[in-house]
Amino acid sequence: MRWLLIFWAGPIFLLGSWYYLSLNDMSFGIFMLTRQANDLVFQVYGNMLGLDPASLPPLVMRAIVVDSAVLFALVGLRRRAKIIAWLRARRAQLSLAVKDRSLSSAP
């Protein structure tokens, strides 16, 4: 699970931090973090895909959401026995807590 988080969240964190820093022109003296680099990157990708560069960030975000949903669905499918056991234990624990608060056992 640790490697999954590293290889899933790592690139998303790097892409998100680059996009945020370059969009707000917080370059710290690095060209790749400037607004001009941001515009250039999306211009190149827009020309390669034949799309408007302004429409690419929402498409990237939608792709990240869909890929994350597929990834977590696969993880859930692989670990469904543990998840079902955890849910049953949680329900049993909650039902015991509700029974303890019942007024039917009042004197």
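The values are calculated or read from the model by the stated rules, or taken from the named source; none is laboratory data. Everything numeric here is computed off the predicted structure, so don't read it as measured data. So basically every Cβ, Gly included, is an ideal-geometry build from the backbone, and we count neighbours across all protein chains shown.
Among the residues of region 49-65, write down those that are out of contact with any Gly (no Cβ under 7 Å at 6 or more places or on another chain), more than 16 Å from Phe13 (Cα to Cα) and in a helix (DSSP H, G or I). Break it down stepwise before answering.
Taking region 49-65 first, the residues out of contact with any Gly (no Cβ under 7 Å at 6 or more places or on another chain) are 49-51, 54-55, 57-65.
Add one more test, that the residue is more than 16 Å from Phe13 (Cα to Cα), and what stays is 49-51, 54-55, 58-59.
Within region 49-65, Leu49, Ala54, Ser55, Pro58, Leu59 qualify.
Condition (residue is modelled with pLDDT under 90 and either surrounded by 10 or more Cβ atoms within 10 Å (Cβ to Cβ) or touching a Pro at 6+ places or on another chain (Cβ under 7 Å) (or both)) applied to region 63-70: is it met by at least one residue? No, there is no match, as no residue in region 63-70 is modelled with pLDDT under 90 and either surrounded by 10 or more Cβ atoms within 10 Å (Cβ to Cβ) or touching a Pro at 6+ places or on another chain (Cβ under 7 Å) (or both). In the set (1) assigned to a helix (DSSP H, G or I); (2) surrounded by 12 or more Cβ atoms within 10 Å (Cβ to Cβ), Leu5 fails one condition alone, (2). Pairs are defined by a Cβ separation below 6 Å, a sequence spacing of at least 6 or placement on different chains, a first member in region 1-30 that is within 27 Å of Leu71 (Cα to Cα), and a second member that is aromatic (Phe, Trp, Tyr) and at pLDDT below 85; no pair meets this definition. One residue stands out among those in region 19-53 that are loosely packed, with under 11 Cβ neighbours inside 10 Å and not polar (S, T, N, Q): the one that is farthest from the chain's Cα centre (by Cα), which is Gly29.
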